[in-house]
Amino acid sequence: METIKLTGQPRISLGKKDSKILRKKELVPCVLYGNKMENKNFILGEKELKELIYTPYSHIVEISIDDEIHTCILKDMQFHPVSDKILHIDFMNVDKSKPVAIDIPIKITGHSEGVKQGGKLQVLNRKIKVSALVNDLPDELPVDITHLQLGKSICVGDLSFDKLDVLTPKSNIICSVKVTRAAMGAAAAAEEQKK
């Protein structure tokens, strides 16, 4: 999994008033916690965060605060309901020797048999929550749909990945091929030809 390096500045004064002043300067209030460490409040530049926030991928984040480097993951974000500006970010400190739970995007591969027959592919889940050591986390999880037939679906329980524990419920559907009118017409035509 790709690592993004950021440099944060310690945040001394806390509170709503101070947060508003920071946001006007295009700075984002952040907090780092977890892994038996004391909470660290700091700020990051809004522009620095674009690569981390506006992407379908998950990343490991290395944040340097006061010459100390912390390995962490993005845990939570708050956006302004109207302007969509980032209001606050939570980062969780991780230990490279312990498994971490994180959402990883799915990459659909192959051409479905059902789609070739006129069906429509529906992707219902674009990410799966997994647990693994930081060094074993992939950028994406491949899901091969080559043998996916009309009216069938692939569930989380149908998948398995090396060195990863899947945390998303097994019954969650990743994708399915919906039967369309065109597919029904093609099936009816094929039946007629057999007669």
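Where a number appears in this text, it was derived from the coordinates with a stated rule and is not lab data. Given the structure is predicted, the values throughout are model-derived calculations rather than measurements. Glycine also receives a Cβ, built like all others from the backbone with ideal geometry; neighbour counts cover every protein chain displayed.
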Task: Within a Gaussian network of the chain (alpha carbon springs, distance under 10 Å), most fluctuating of Pro29, Pro138, Pro169 - done: Pro169
- [ ] Send over the Kirkwood Rh of the chain, from the inverse of the averaged 1/r over different Cα pairs, rounded to one decimal Å.
- [x] 19.6 Å
- [ ] For region 3-95, take the alpha-carbon Rg, divide it by the Kirkwood Rh, and send me Rg/Rh.
- [x] 0.94
Open item on the list: Give me, ordered by chain and number, the residues 5 or more places off Lys127 or on other chains with an amide H under 5 Å from its own placed amide H.
Closed with: Ile106
- [ ] With no solvent and one equal point scatterer per Cα, compute the Debye intensity ratio I(q)/I(0) for region 101-194 at 0.17, 0.22 Å⁻¹ and report its log10, rounded to two decimals.
- [x] -0.73, -1.03
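Excluding Ile63 itself, what net charge comes from residues whose Cβ is under 10 Å from its Cβ, given Lys and Arg +1 and Asp and Glu -1?
Every neighbour counted, the sum reads 0.
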TODO: Pick out which of Lys50, Lys163, Lys107 has the largest mean-square fluctuation in a Gaussian network model of the chain, springs linking Cα atoms closer than 10 Å.
DONE: Lys50
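In a shell of Cβ-Cβ distance under 13 Å around Ile12, excluding Ile12 itself, what net charge do Lys and Arg (+1) and Asp and Glu (-1) give?
That sum, taken over residues with Cβ under 13 Å, equals 0.
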- [ ] List every residue whose amide H lies under 5 Å from the amide H of Val94, counting only residues 5 or more places away in sequence or on a different chain, with H placed 1.01 Å from N in the peptide plane.
- [x] Thr71, Cys72, Ile73
Open item on the list: Residue by residue through region 12-25, what is 3J(HN,Hα) from phi via Karplus (6.51 cos²θ - 1.76 cosθ + 1.60, θ = phi - 60°)? Round to whole Hz and write x for glycine and proline.
Closed with: 8, 8, 10, x, 5, 4, 5, 4, 4, 4, 4, 5, 5, 8
- [ ] Rounded to the nearest 10 degrees, what's the angle between the helix 181-194 long axis and the longest principal axis of the chain, both from Cα atoms, 0 to 90?
- [x] 30 degrees
Open item on the list: Cut-off is 10 Å between beta-carbons; in what order do Glu48, Glu26 appear when sorted fewest neighbours first?
Closed with: Glu26, Glu48
- [ ] Evaluate the charge dipole of the chain about its Cα centre and quote only its size in Debye, nearest 20, assuming +1 on the Cβ of each Lys and Arg and -1 on the Cβ of each Asp and Glu.
- [x] 820 debye
Task: Net charge contributed by nearby residues that have their C-beta within less than 13 Å of Asp136 (K/R +1, D/E -1) - done: 0
Task: Cα-centred dipole magnitude for region 101-194, charges only on beta-carbon of K, R (+1) and D, E (-1), debye, nearest 20 - done: 380 debye
Open item on the list: List the residues, sorted by chain then number, that are 5 or more residues from Lys152 or on another chain and whose placed amide H is less than 5 Å from its amide H.
Closed with: Val177
